[in-house]
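Bear in mind these aren't lab numbers, they're just calculated from the coordinates by the rules spelled out. Since the model is a prediction, treat every value here as computed from it, not as a measurement. All Cβ positions, even for glycine, are placed from backbone atoms using ideal geometry, and neighbour counts span all protein chains on display.
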Amino acid sequence: MADLAKPAIRPHLPAMPPHPETWLHPRPEGLHCVPGDFFIDPTRAVDRAVITHGHADHARPGHRHVLASAETLAIMRVRMGEARAGAAQQAAAPGEIVRINGVGVSLIPAGHVLGSCQVVLDYEGSRAVVSGDYKRRRDPTCAPFVPVNCDVFVTEATFGLPVFRHPDAAAEIAKLLHSMTIFPTRAHLVGAYGLGKAQRLIALLREAGYDAPIYLHGALQKLCDLYETLGVPLGDLRPATVADKDALKGAIVLAPPSAVADRWARRLDDPVVAVASGWMRVRQRAKASGVELPLVISDHADWDELLATVEDVAAPEIWVTHGAEAALLRQLSLMGRRGRALSLIGYGDEAEQE
Ligand SMILES: [Zn+2]
Ligand SMILES: [Zn+2]
């Protein structure tokens, strides 16, 4: 019989795994893994960076060493050029474990845009997962989010308010197609962010059976080409700038949201102006920007997805990087989770456009 007064001796396990707050610190440059001495999505150039995805607020130029998915590295090269995408670039396959000074680092799909990954960090029996941006909805252009159990889950909260409940994306696409039957001679000018949203919109249109040419603003061309190169078929895409005016009548024209608002739009004769964004949930916002047809299509988790994900990863503690954190922290405490606002600066600029 064991002596109950004496604690059992388990010589091969450390007494207590170190809490992630002892080895993962918010810094002005971003989240710093102390033993590995690397930053996740640093907002300024650093020696060693792990990048979750290619959006400009997460993937910055000029790092000496970059670890990311192969797709994210390809996106960075297209957006910022080979030289600025990282002096040394290391691609990790999904689930592959890269050891950095005793820290196991692996990249697991986040379902946000092509190549987007969560960063799973294992250190002396303790695990933190940094989500980057993510969503849980189906997206034909990228691998779906995979929940990973952890001690601390570090989440975004772009849409961290109960008012944000994104509708089904297919229903929003149906609205667009319906509008085209009502206004068959007007071009439908759709504002969509250039990385992720534009390609998802095209793929959803193709899934809905729309196989006519889709016309692109020049700023969207390179990333659409890259998506196709990386195995995401987008169908017949044509440059809007060289198309003759009649061809654009009754057609879908995709442009970055900024171009929709400016003079670029005036090339088109009386277009129906649409914008695809999670922010289109806010009616005043759509109205103020002159959007006739708001399409609520988001690449970020909505309120329900945030809460479902907290349950799925079974983490007792949740850190919130950026976004609407107050309501989420309150809800987390009701769910018996410890919440912590990191209030990292420099993220979300691109999400505003998303
Ligand atoms: Zn993003
Ligand atoms: Zn972001």
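Give the residues of segment 75-103 whose amide nitrogen is closer than 15 Å to a point set 7 Å from the Cα of Val146 in the direction of its Cβ. What the label zone holds, given the 15 Å backbone N cut-off, is 92-98. Of the residues Thr158, Trp264, Val46, the one whose Cα sits farthest towards the positive end of the charge dipole of the chain is Trp264 (charges of +1 on Lys and Arg Cβ, -1 on Asp and Glu Cβ, taken about the Cα centre).
Compactness of segment 56-208, taken as the C-alpha radius of gyration over 2.2 N^0.38 Å, stands at 1.23. In order along segment 36-47, the Karplus-derived 3J(HN,Hα) couplings, from 6.51 cos²θ - 1.76 cosθ + 1.60 at θ = phi - 60°, round to x, 6, 9, 10, 9, 6, x, 8, 9, 4, 9, 5 Hz, and Gly and Pro are given as x.
Cβ-Cβ distance of Ala208 and His65, R₀ of 45 Å, FRET efficiency by 1/(1 + (r/R0)^6): the value works out to about 0.60. In percent, rounded to a whole number, the relative contact order of the chain is 16, using alpha-carbon pairs under 8 Å and six or more apart. Computed extension gain for Asp225 through Lys249, at 0.36 nm per residue and net of the alpha carbon distance, reaches 6.2 nm.
How big is the charge dipole of the chain about its Cα centre, in debye rounded to the nearest 20, if each Lys and Arg gets +1 on its Cβ and each Asp and Glu gets -1 on its Cβ?
460
Taking amide H positions as modeled 1.01 Å from N, with prolines and chain starts lacking one, the residues under 5 Å from Ile100 and 5 or more places away or on another chain are Val105. Shown in residue order for segment 271-279 are the 3J(HN,Hα) couplings computed by the Karplus curve 6.51 cos²θ - 1.76 cosθ + 1.60 at θ = phi - 60°: x, 7, 9, 10, 9, 9, 6, x, 5 Hz (x for Gly and Pro). At an R0 of 30 angstrom, the distance between the Cβ atoms of Ala91 and Val34 translates into a FRET efficiency of 0.75. Close Lys pairs in the chain (alpha-carbon distance under 30 Å; sequence gap of 8 or more, or different chains): 17. Full extension of the chain between Leu334 and Ala288 yields a length gain of 13.0 nm, computed as 0.36 nm times the residue separation minus the alpha carbon distance.
For Leu24, the residues whose modelled amide H falls within less than 5 Å of its own, excluding neighbours fewer than 5 places apart on the same chain, are Val34.
Under a 5 Å amide H cut-off, with hydrogens placed 1.01 Å from N, Val50 pairs with Phe39, Ile40, Asp41, Leu67 among residues at least 5 apart or on other chains.
Give, rounded to the nearest 20 debye, the magnitude of the charge dipole that segment 27-119 has about its Cα centre when Lys and Arg contribute +1 at Cβ and Asp and Glu contribute -1 at Cβ.
180
One chain, two ends: Ala341 and Ala171. Fully extended at 0.36 nm per residue, the span grows by 57.8 nm beyond their Cα-Cα distance.
Per-residue ellipticity at 222 nm computed for the chain from its helices equals -7000 deg cm²/dmol, with DSSP H segments shorter than 4 residues left out and the rest contributing -39,500 (n - 2.57).
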